[in-house]
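Worksheet for the structure shown next.
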There are 2 protein chains.
Amino acid sequence: MLLLKRFHSTVQRIAQISSASKPGDTLHVKGWIKNVRRLKNNIFLDISDGSTSEKFQLVVPRNSDTQQLTSGCGVSAVGCVQVAPNGHFELHADEVESLTDGHLRDGYPFSPKQKHAPEYVREHLHLRSRIDYIAAQMRVRHRAQKVIHDYMDEQQFVQINTPLLTTNDCEGAGEVFRVQPESEQLLKQMARQNVPADQSYFDQKVFLSVSGQLHLEAMSYGLGNTYTLAPAFRAENSKSPLHLAEFYMFEAELVHMERLEQLAAFIERMLKEITTRLLNANTADLQFCQQSANASSDLAWLQVPWKTLSYDEALELVVANKQSFKSAVTPDEGFSKEQELFLVAHCGTPVFVIDWPTKQKPFYMRMCRSNPERVHALDLLMPSVGELCGGSLREHDADQLSKHPQLPKSLAWYVELRKYGGLPTGGFGMGFERYLQLITGVKNIRDVIPFPRYPHSCKM
Amino acid sequence: MLLLKRFHSTVQRIAQISSASKPGDTLHVKGWIKNVRRLKNNIFLDISDGSTSEKFQLVVPRNSDTQQLTSGCGVSAVGCVQVAPNGHFELHADEVESLTDGHLRDGYPFSPKQKHAPEYVREHLHLRSRIDYIAAQMRVRHRAQKVIHDYMDEQQFVQINTPLLTTNDCEGAGEVFRVQPESEQLLKQMARQNVPADQSYFDQKVFLSVSGQLHLEAMSYGLGNTYTLAPAFRAENSKSPLHLAEFYMFEAELVHMERLEQLAAFIERMLKEITTRLLNANTADLQFCQQSANASSDLAWLQVPWKTLSYDEALELVVANKQSFKSAVTPDEGFSKEQELFLVAHCGTPVFVIDWPTKQKPFYMRMCRSNPERVHALDLLMPSVGELCGGSLREHDADQLSKHPQLPKSLAWYVELRKYGGLPTGGFGMGFERYLQLITGVKNIRDVIPFPRYPHSCKM
């Protein structure tokens, strides 16, 4: 009979039980056993189906069948919803079907009752989603992407899949990954005159993208506002808990941006809105992530207007407090993370630092017409993570752009975008993992992405 | 006064005008001039802001200012909504602000009134979004991704960003792209004993992902159903209008999949639902794409139940009709596209071909227990594109999986997923661009992705 029920009843995801059921309802659930407690007449099983951080208890009679159940087993049960003494819903079932043996004694690296260090958990990357706080992180990451897509769609942005293979090494030298076919035979077969042998697939050197910005701009000149939420790659030898070789960037380009304040206002409104939606949708997961990370949730910034400092004002504040920093003040190189956090604390809100020295910023940023030493650029500094977004107005004057000494020769196409119907535009980029670290309090970026890639580590 | 209005009124996107406005309303629009017609007293401008395929007409008085306007100019105008003789809304403005010169006579490769061949348009990739049918494609692509994310979220799947850098070369040899840092200096600096010099960044060879499936499976064992919509890469020397070096795959893994029919039912329901939503949301864009591609929209498959053939039945049909094919019948290698389309035509609906020869399919597919020569695999064949999805039940028996002669040694982790709490699972992958080709009728895959990458071509 149980078998019959299994095929004819819809399986209820645990996350929905409290909202979709009432005491007395008959429900079918499936999941993995996380914990087992055996009392005299009954066995109490904490089960998880991956849908929520909240524990769900299954109560079954103690007998020779249920006695075999251990942590890690997959189970299926049809039973009656009841209210437990702690006020939570639980499921009382007469029988429970074991879908699979847990086998956790046979070399499984995690102990159900022990809290393992993140470094240790990362060593077993393929099994990591079975750890509750990692599963919660993945649900938060899913929801964060969903609310970004929803919001940008409502605001009528077009999502553009910017290419990951590109001939543009963008802003820097030496920090890029090179891509070529693994097969020597293929390279030979595709050989062309005047093309180096290792470049024969694309007829030139090809790299992994470090940013989709320039490609977004090309699309915005036909489509209006565009965005991308896509992987980006940096070949840095960094052990920092804020950097990965493969990470995600949320980037947007907005047309008709004439003043930096318009761009800052968009960023502030967007971040407040998506964060509020995320908090409301995944409250339990976020609390669970914060608890596991021993982080407190300081989201006071959702409620207040954010401040703006010019680079010169910010520098003055940092210089006046230089004795309190471990890091040196370097006016030609911007601020250290410590100094960024000082500026945030000083203002008591997130801070847009605007009007940066031209020398510190890339060629595409729009020069202040009243002061060629400054560009219309902004960095957004947030509590705990420091810089979260960087953005600028773009130089939309083709002649001005052409004259920039750092304009790469290969970017003639980028200048052409402006030549034919150039318009004031602006945009920003946000490290998506850094945003997740901000929201969840997780210290190491390797724990907010499913499969972290960093120096000397590319598991699976 | 115009300037004042510009800063105080909200700019209305053209796509929304017909639903959000009524005759007599005052509106502010911004866009690019697509076409100019000069009559005695008035100038008629077709303008586009990238939000819709439908033309929108701006009517301004003919005078010395407006006389300067040409195709390609950016313009801003505040005016009054009126109904044109053809029944469409148009905007009558007293003046129009020119935001930028069009400069289209100065080397712009496209003529506003001419229809250029897709090959020619692709040569000017950075300007391509200004071509109406490409802009329409990009909006359709955006919407298709949005409806997939919405649907999968409603179905409680967790989106997983599967890694693009991987040590797993998955199903094949020789078809992968290799990744390593461009900087020789960095490689030297990171050198380790017993690691080849060119592998020092990750301590091993790293490739671009060809599929996120195995990584999804690892996540599904903790989270339940998961999916990804992510780039994948193939280093093939193919000039085919169905293949790219960088393309997008929509892949999903479902837990508690015990029968292939369950998986097929999910795919059918999902494809009908997302396609219906896409059609309803972007009707004009889809019609415009089909028109431009000289394709007719045959979406009769939305209304009928789809059929299923076993591989053996399908082969029998193909063999019985072999005289009608240009391609040879090769029972050991599956079907050619021509034969796939024959099967679709024969059935009069999309077809799931199931229960494939074990020899033709990869190691992870579940063997039919009643016939080890067959695996629980499916291909979904659709009109015009042939194979759209491939999927299977996964072999969840760790012992059985371990014995498979094609199991790569490096995938011990994949077997371990099953060892600890293995469950019946199944999943599928769909080429996202092929889906777009199916829906829009566009013949060349290079025209449904913003920046196509293929042999000897990686522009921008």
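The values are calculated or read from the model by the stated rules, or taken from the named source; none is laboratory data. The structure presented is a predicted model; accordingly, all values stated were derived computationally and were not measured. Note: ideal-geometry Cβ built from the backbone for every residue, glycine included; neighbour counts use all protein chains shown.
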Which residues, counting only those in the range B:232-241, are assigned to a strand (DSSP E or B) and either at the interface with chain A (Cβ under 7 Å from one of its Cβ atoms) or among the acidic types (D, E) (or both)? none
Here is a check on your reading of the model: is A:S457 at pLDDT 95 or above and surrounded by fewer than 23 Cβ atoms within 10 Å (Cβ to Cβ)? yes
Within the range A:262-279, identify whether any single residue is within 14 Å of chain B (Cβ to nearest Cβ), in a strand (DSSP E or B), touching a strand residue (DSSP E or B) at 6+ places or on another chain (Cβ under 9 Å) and in contact (Cβ under 8 Å) with a residue 60 or more places away in the chain, and answer yes or no. no
Quick check: anything in the range B:131-146 out of contact with any Asp or Glu (no Cβ under 7 Å at 6 or more places or on another chain), more than 8 Å from every other protein chain (Cβ to nearest Cβ) and part of a loop (DSSP other than H, G, I, E, B)? no
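Okay, residues lined up against (1) at pLDDT 95 or above; (2) touching an Asp or Glu at 6+ places or on another chain (Cβ under 8 Å); (3) not small (G, A, S):
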| position | (1), (2), (3) |
| --- | --- |
| B:M257 | yes, no, yes |
| B:A265 | yes, no, no |
| B:K272 | yes, no, yes |
| B:L279 | yes, no, yes |
| B:S297 | no, no, no |
| B:L315 | yes, no, yes |
| B:V319 | yes, no, yes |
| B:P331 | no, no, yes |
Quick one: count up the residues across the range A:188-231 that are at the interface with another protein chain (Cβ under 7 Å from one of its Cβ atoms), of a type in the set (S, T, Y) and either surrounded by fewer than 17 Cβ atoms within 10 Å (Cβ to Cβ) or part of a loop (DSSP other than H, G, I, E, B) (or both). 1
Output for the range A:390-410, where each listed residue is in contact with a strand residue (DSSP E or B) (Cβ under 7 Å, 6 or more places away or on another chain) and either aliphatic (A, V, I, L, M) or farther than 24 Å from A:R369 by Cα (or both): A:L393
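Taking the range A:352-376 as the region of interest, how many residues are free of Cβ contacts under 8 Å to residues at least 24 places away in the same chain, out of contact with any helix residue (DSSP H, G or I) (no Cβ under 6 Å at 6 or more places or on another chain) and assigned to a strand (DSSP E or B)? Spell out how you get there, then give the answer.
Step one: of the range A:352-376, the residues free of Cβ contacts under 8 Å to residues at least 24 places away in the same chain are A:358, A:368-373, A:375.
Retained after the next criterion (residues that are out of contact with any helix residue (DSSP H, G or I) (no Cβ under 6 Å at 6 or more places or on another chain)): A:358, A:368-372.
Then keep just the ones that are assigned to a strand (DSSP E or B); that gives A:368, A:371-372.
Adding up the residues that qualify gives 3.
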Going through the range B:209-268 one residue at a time, which ones are among the small types (G, A, S), in contact with a helix residue (DSSP H, G or I) (Cβ under 9 Å, 6 or more places away or on another chain) and farther than 15 Å from B:R434 by Cα? B:S209, B:A218, B:S220, B:G222, B:A235, B:A252
Of all residues being more than 7 Å from chain B (Cβ to nearest Cβ) and not in a helix (DSSP H, G or I) in the range A:400-423, which is surrounded by the fewest Cβ atoms within 10 Å (Cβ to Cβ)? Just the residue, please. A:P405
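Within the range A:89-118, work out how many residues are in contact with a strand residue (DSSP E or B) (Cβ under 8 Å, 6 or more places away or on another chain) and within 14 Å of chain B (Cβ to nearest Cβ).
Pass one, the range A:89-118, residues in contact with a strand residue (DSSP E or B) (Cβ under 8 Å, 6 or more places away or on another chain): A:89-100, A:102, A:112-113.
Pick out the ones that are also within 14 Å of chain B (Cβ to nearest Cβ) and you get A:97-100, A:102, A:112.
Residues in the range A:89-118 being in contact with a strand residue (DSSP E or B) (Cβ under 8 Å, 6 or more places away or on another chain) and within 14 Å of chain B (Cβ to nearest Cβ): 6 in total.
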Within the range B:241-278, residues being surrounded by fewer than 18 Cβ atoms within 10 Å (Cβ to Cβ), within 27 Å of B:P452 (Cβ to Cβ) and aliphatic (A, V, I, L, M) number 1
Out of the residues in the range A:51-88 that are hydroxyl-bearing (S, T, Y) and within 24 Å of A:D106 (Cβ to Cβ), which is farthest from the other protein chains (Cβ to nearest Cβ)? A:S64
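Kindly indicate which of B:E171, B:E175 is modelled with pLDDT under 95, more than 17 Å from A:M460 (Cβ to Cβ) and part of a loop (DSSP other than H, G, I, E, B). Show your work before the answer.
On the way: B:E171 fails: more than 17 Å from A:M460 (Cβ to Cβ).
Just a single option satisfies the conditions, and that option is B:E175.
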Which residue is surrounded by the fewest Cβ atoms within 10 Å (Cβ to Cβ), if the candidates are limited to the range B:36-45 and must be closer than 23 Å to B:H103 by Cβ and more than 14 Å from chain A (Cβ to nearest Cβ)? B:R37
Please tell me if A:A314 is assigned to a helix (DSSP H, G or I), of a type in the set (G, A, S) and buried (at least 20 other Cβ atoms within 10 Å of the Cβ). yes
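Scan the strands (runs of 3 or more DSSP E) fully inside the range B:61-102 and keep the ones with 2 or more residues being touching a helix residue (DSSP H, G or I) at 6+ places or on another chain (Cβ under 9 Å), in contact (Cβ under 8 Å) with a residue 12 or more places away in the chain and within 30 Å of A:E395 (Cβ to Cβ).
Working: elements: B:74-83, B:89-92, B:97-100.
Per the criteria, B:74-83, B:97-100.
Would it be correct to say that B:A284 is farther than 23 Å from A:D49 by Cβ and either surrounded by fewer than 18 Cβ atoms within 10 Å (Cβ to Cβ) or charged (D, E, K, R) (or both)?
Details: farther than 23 Å from A:D49 by Cβ: yes; either surrounded by fewer than 18 Cβ atoms within 10 Å (Cβ to Cβ) or charged (D, E, K, R) (or both): yes.
It is true that B:A284 is farther than 23 Å from A:D49 by Cβ and either surrounded by fewer than 18 Cβ atoms within 10 Å (Cβ to Cβ) or charged (D, E, K, R) (or both).
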Out of all the residues in the range A:375-394, is one or more within 14 Å of another protein chain (Cβ to nearest Cβ) and crowded, with 21+ Cβ neighbours inside 10 Å? yes
Would a scan of the range A:151-168 turn up a residue that is free of Cβ contacts under 8 Å to residues at least 40 places away in the same chain, at the interface with chain B (Cβ under 7 Å from one of its Cβ atoms) and either part of a strand (DSSP E or B) or crowded, with 18+ Cβ neighbours inside 10 Å (or both)? yes
In the range A:175-184, which residue that is at the interface with chain B (Cβ under 7 Å from one of its Cβ atoms) and free of Cβ contacts under 8 Å to residues at least 12 places away in the same chain is nearest to A:R234 (Cα to Cα)? A:E182
When only residues in the range B:99-125 that are surrounded by fewer than 17 Cβ atoms within 10 Å (Cβ to Cβ) and not charged (D, E, K, R) count, which is nearest to B:K30 (Cα to Cα)? B:P112
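Taking the conditions exactly as written (in contact (Cβ under 8 Å) with a residue 12 or more places away in the chain and either more than 17 Å from the chain's Cα centre (by Cα) or in a loop (DSSP other than H, G, I, E, B) (or both)), does B:G391 satisfy them or not?
yes
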For the range B:425-447, indicate whether the set of residues that are touching a strand residue (DSSP E or B) at 6+ places or on another chain (Cβ under 9 Å), within 14 Å of another protein chain (Cβ to nearest Cβ), modelled with pLDDT of 95 or more and farther than 30 Å from A:S220 by Cβ is non-empty. yes
